[in-house]
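The values are calculated or read from the model by the stated rules, or taken from the named source; none is laboratory data. Note that the coordinates shown come from a computational prediction; the quantities given were computed from them, not determined experimentally. Because the Cβ atoms are built from the backbone with ideal geometry, glycine has one as well, and the counts that use them run over all protein chains shown.
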Amino acid sequence: MNTFKSTLLLVGLMLVLLAVGERFGGQNGLILAFVISVAMNFTAYFFSDKIALKMYRAQPVTRDQLPRAYEVVERLAAKDGIPVPKIYVIPTESPNAFATGRSPQHASVAVTHGILGLLDDEELEGVLAHELGHVKNRDILTSSIAATLAGAITLIARMGYWASLFGGYGGRGGRGRNGGGLGALLMLIVAPIAAALIQLAISRSREYEADATGAHTTGNPYALARALQKLEDYSKRVPLQATASTAHLFIIAPLIGGGVGSLFSTHPPTKERIRRLIGRDLV
């Protein structure tokens with residue numbers, strides 16, 4: 001169901017892209033913005049794993065150094081039918097984890113030092129199963145496509161706005177049809193926000209899917225539910241210093257906010273994730 005939802009959201013992004021492109025630049029503007037956006041995201045797609053791991057000073061570990069994690073990852077990878085990813089440890093006491101890599105053949109899983117001390121063996125297995133779920137479901141590819149479409153929408157809106165200030169949109173209908181600079185300004189604001197919200201909805205959908213995949217692989221959704229609650233509680237006391245551009249990678253959002261901030265969160269509410277896993281709140 002979450003895969004279907006992600007597909008619908010990607011279609012929604014494409015429709016927004018087509019609408020903005022038609023308004024501002026016609027076919028030529030649409031193609032130009034899309035090509036630029038693809039070029040911008042090419043590097044991120046192929047090198048995102050190295051960038052993220054270096055950003056958080058993640059260190060590779062061998063099976064001898066961390067047999068507890070390797071044993072679990074090897075067993076889960078065999079169940080999922082994917083290669084065993086490389087394992088890294090991030091030197092921070094804030095408990096968290098993420099998976100990255102453009103395909104199962106180029107995947108890495110990183111865990112923080114804090115998560116290793118906080119979770120018991122069953123809970124750690126649940127977290128690692130969730131991360132391998134991202135790998136199995138090729139979520140880096142999905143997020144890269146979403147980023148490309150959202151980036152193209154933002155570029156077209158900006159191009160159209162500046163074109164409206166200097167004599168027109170360059171598309172069909174001209175200034176009169178499109179409502180002039182005020183309409184362009186409105187589109188400049190609304191289109192990127194709409195694209196960002198859809199992109200974030202895709203990220204949240206992928207988190208639900210990875211939860212479901214991990215729980216199915218282990219056959220123990222309660223362990224993952226307990227882990228999520230522990231991580232949510234403890235990460236508030238020891239927050240992880242992370243960038244907004246990489247927040248979606250982690251199992252628990254390192255940037256915590258409420259109110260309007262939750263609308264722009266890369267992760268669904270932890271309580272809702274737990275309810276979907278076990279059908280109720282933890283007691």
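Things to note:
- Scanning the stretch 103-114 for residues that are within 21 Å of A242 (Cα to Cα) and either touching a strand residue (DSSP E or B) at 6+ places or on another chain (Cβ under 6 Å) or not hydrophobic (A, V, I, L, M, F, W, C) (or both) gives S108, V109, A110, V111, T112, H113, G114.
- Scan of the stretch 72-124 for residues that are more than 18 Å from T218 (Cα to Cα), of a type outside the set (S, T, Y), assigned to a loop (DSSP other than H, G, I, E, B) and without any contact (Cβ under 8 Å) to a residue 60 or more places away in the chain, ordered by number: P91, G101, R102, A107
- Yes/no for L119 being closer than 30 Å to K79 by Cα, among the aliphatic types (A, V, I, L, M) and either over 21 Å from the mean Cα position of the chain (by Cα) or modelled with pLDDT under 95 (or both): yes
- Total residues in the stretch 235-268 satisfying the condition of being at pLDDT 80 or above and surrounded by fewer than 13 Cβ atoms within 10 Å (Cβ to Cβ): the figure is 3.
- Scanning the stretch 58-71 for residues that are in contact with a strand residue (DSSP E or B) (Cβ under 9 Å, 6 or more places away or on another chain), assigned to a loop (DSSP other than H, G, I, E, B) and surrounded by fewer than 16 Cβ atoms within 10 Å (Cβ to Cβ) returns T62, R63, Q65.
- First in the stretch 206-226 and without any contact (Cβ under 8 Å) to a residue 12 or more places away in the chain, second anywhere and part of a helix (DSSP H, G or I) and among the aliphatic types (A, V, I, L, M), Cβ under 9 Å, 6 or more apart: H216/A129
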